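Read-outs throughout are calculated quantities, based only on the coordinates presented, and are distinct from any laboratory measurement. Bear in mind the structure is a predicted one, so any value in this text is a computation, not a measurement. So basically every Cβ, Gly included, is an ideal-geometry build from the backbone, and we count neighbours across all protein chains shown.
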Amino acid sequence: MTQEDIDATKAPLMDHIIELRARLIRSIYAFFAAFIVCFYFSRSIYNILTEPYVRVVGAEKATLIATHFLEQFYTNVRLSMFGAGVIAFPVIATQIYKFIAPGLYKHERQAFLPYLIATPIFFLFGATLVYFAVMPLLIRFSVSLQQVNTPGEATIELLPKVSEYLSLIMTLIFAFGIAFQLPVVLTLLGQVGIIDSAWLVKMRRYAIVTVVGVAAILTPPDLISMTSLAVPMLALYEGSIFAVRWVEKRRAANEAAKTRT
């Protein structure tokens, strides 16, 4: 290889590095802008997240405690970082897509774009399930274990810490949001031909074991959270089989149309 060939390969590489740097800077700006907004409204956001607790126990009994002076401040920082990640994700995903899109064929870009749109939608589905179903169920079960105003017995009252409540609901939202990407990932793999519906059916028994293991890792160590995640994931796996079959039928129809022409 001559020196001219080496110089010719350096120029495109430097262009890619410069573009990647610009995309990263835009993503970081989006994250910090979202962080500032979330931190300003952190109290309101936290009140929204505690709504499942208030809804279950009642506003007059809904008490959360802070055990050191800066616990609420650190909680607001963590909450703002989590919210900034969620809000800035569309911008970050768009920057990633714009960086890799020039290297894709037109039909590959058209095939990839729907999955990019589906990712935050399915994450929202998972977060909604946590907010309206899983958290109230978990709180209701925890409240039922209280032992208050029972003659002759010690009082056991549920007083969640501010930081621990936030950690619990953020963990569940993140776990369910990631787990709900299962049909997106499997359908995308089916779209590019890495897997097919027959293989998914064959691997169903292994998928059940894997789903239970993943649910145990992603959720807090309680049976309610683990079961609440494992059951929807298994349903999503079954739905992925139908989605991949639809992709296969559409691909076969397109190939048949090209053959006729």
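Would you mind getting me the FRET efficiency between Ile25 and Glu238? Use the beta-carbon distance for r and R0 = 35 Å, nearest 0.05. Could you put the intermediate results ahead of the total?
Values: r = 42 Å, r/R0 = 1.20.
Once the sixth-power term is evaluated, E becomes 0.25.
The orientation-averaged projection of the convex hull spanning the C-alpha atoms of the range 3-260 amounts to 20.9 square nanometres.
Distances between placed amide hydrogens fall under 5 Å for Lys161 paired with Ile65, all partners being 5 or more residues away or on another chain.
Excluding same-chain neighbours fewer than eight residues apart, the lysines reachable from Lys258 by a Cα-Cα span under 26 Å are Lys106, Lys249. How high is the FRET efficiency between Phe112 and Ala66 when r is their beta carbon distance and R₀ equals 35 Å, given to the nearest 0.05? Computed FRET efficiency for Phe112 and Ala66 comes out at 0.15.
Candidates Ile65, Ala252, Leu13 compared by Cα position along the dipole of the chain: farthest toward the positive end lies Ala252, with charges placed on Cβ. Partner lysines whose Cα lies under 18 Å from the Cα of Lys161, excluding those fewer than 8 positions away in the same chain, are identified as Lys61. For the chain, find the longest principal axis of its Cα atoms and tell me its angle to the long axis of helix 204-218, 0 to 90°, nearest 10. Approximately 50 degrees, to the nearest 10.
In whole percent, what relative contact order does the chain give with Cα contacts below 8 Å and a gap of six or more residues?
Working: 213 pairs, mean separation 52.5, N = 261.
It rounds to 20 percent for the chain.
In order along the range 245-258, the phi-based Karplus estimate (6.51 cos²θ - 1.76 cosθ + 1.60, θ = phi - 60°) of 3J(HN,Hα) comes to 4, 5, 4, 5, 5, 5, 5, 5, 5, 5, 5, 5, 5, 5 Hz; Gly and Pro are listed as x. Estimated from helices alone, the mean residue ellipticity of the chain at 222 nm is -26500 deg cm²/dmol (sum of -39500 (n - 2.57) over DSSP H runs with n ≥ 4, per residue). Computed packing ranks the peptides 173-182, 43-52, 203-212, 129-138 as 173-182, 129-138, 43-52, 203-212, most packed first, by mean other Cβ atoms within 10 Å.
Against the chain, whose longest principal axis is taken from its Cα atoms, helix 3-40 shows a tilt of about 20°.
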